[in-house]
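Structure first, then comments.
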Amino acid sequence: IIVLGLGGTGVSVVAIVAGLAVALLIYGLSYRGGVAGTRLILIGIGIAAMLDSVTSYLLSTAATWDLQETMRWLTGSLNGATWGATVPVVVALLVLGPVLLVQTRNLSMVQLGDDAAQALGVRVERTRVFAIVSAVGLIAFATAAAGPIAFVAFLSGPIAARIVGRGTSLFVPAALVGALLVLVADFVGQYAFGTRYPVGVVTGALGAPYLVYLIIRSNRAGGSL
């Protein structure tokens, strides 16, 4: 928006391509004979911090008329969403959703640990790469439409696990919980306060404490980074 003067479709294309590229970069840096979840999260936070510093610099040099559109997009908001913007998201869901559904059983095995999953015949790294690329693709298309709505994935998975139990696949329940979470957070942001807040502000306020709790719990359990 600021450097290239893009808007609409151009911003969406860059969001999708860059999202996939950064995800693969984080995966590559996290790989050390396998990928530990906490290490993946912390490296992701580090990469995000570096990219945020670049964004902050660009915002400090941007023309005034670019700032409002840029900040709306960076915060994550449904206020400017249109039915036309949902079409690419629906197409991505129809294409990439089945890829994730096919990987559901293998992903359940991977949760037992890489060695156990390999012993059960799962190609661990292939499964993990397919899952990451498909999930990030879905996230990138959603981000292109509404901006980055923070911490939805961190919250929806654990909530879905408490509802349906961990013995079943969480893919569909987590997706439904995530959709409901975004709608409820947007409603709260629009009507619960005197000022209307973008949905990303509400989900960020809920998700950041949970991320801190997740890291503390992992360290207390002796988790390795």
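What follows is calculated from the coordinates using simple rules that are stated; it is not laboratory data. Every value quoted in this text rests on a predicted model; they were computed, and no experiment measured them. Using ideal geometry, Cβ is built from the backbone for each residue, glycine included, and neighbour counts are taken over all protein chains shown.
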ask   = How high is the relative contact order of the chain, in percent, counting Cα pairs under 8 Å that sit 6 or more residues apart?
value = 26 percent
ask   = So between V87 and D66, what do we pick up on full extension, going 0.36 nm a residue minus the alpha carbon distance?
value = 5.0 nm
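How much length would be gained if the chain were fully extended between I47 and L25, taking 0.36 nm per residue of separation minus their Cα-Cα distance, in nm to one decimal? Don't skip to the answer; put the middle values down first.
Values: separation 22, 0.36 × 22 = 7.92 nm, distance 0.90 nm.
Gain on extension, I47 to L25, equals 7.0 nm.
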query = Roughly how many nanometres apart are two label points built 7 Å out from the Cα toward the Cβ at V13 and L58?
reply = 1.6 nm
task = Rounded to the nearest 10 degrees, what's the angle between the helix 9-30 long axis and the longest principal axis of the chain, both from Cα atoms, 0 to 90?
result = 40 degrees
query = Do the sum for the chain: with -39,500 (n - 2.57) for every DSSP H run of n ≥ 4, divided by all residues, what is the mean residue ellipticity at 222 nm, to the nearest 500 deg cm²/dmol?
reply = -25500 deg cm²/dmol
key: Label point distance in nm, T38-V3, each placed 7 Å from Cα along Cα→Cβ   = 3.5 nm
Extension gain from L74 to R126, taking 0.36 nm per residue of separation minus the Cα-Cα distance = 15.5 nm
query = Can you give the direction-averaged projected area of the convex hull of the alpha-carbon atoms in the stretch 42-124, in nm²?
reply = 8.6 nm²
remark   = Computed from the beta carbon distance with a Förster radius of 22 Å, FRET efficiency for Y210 and L180 to the nearest 0.05 stands at 0.85
inquiry  = To test your reading of the geometry: what angle, between 0 and 90 degrees and rounded to tens, separates the Cα axis of helix 124-146 from the longest principal axis of the chain?
reply    = 20 degrees
key: Principal-axis tilt of helix 152-164 within the chain, Cα atoms, nearest 10 degrees   = 50 degrees
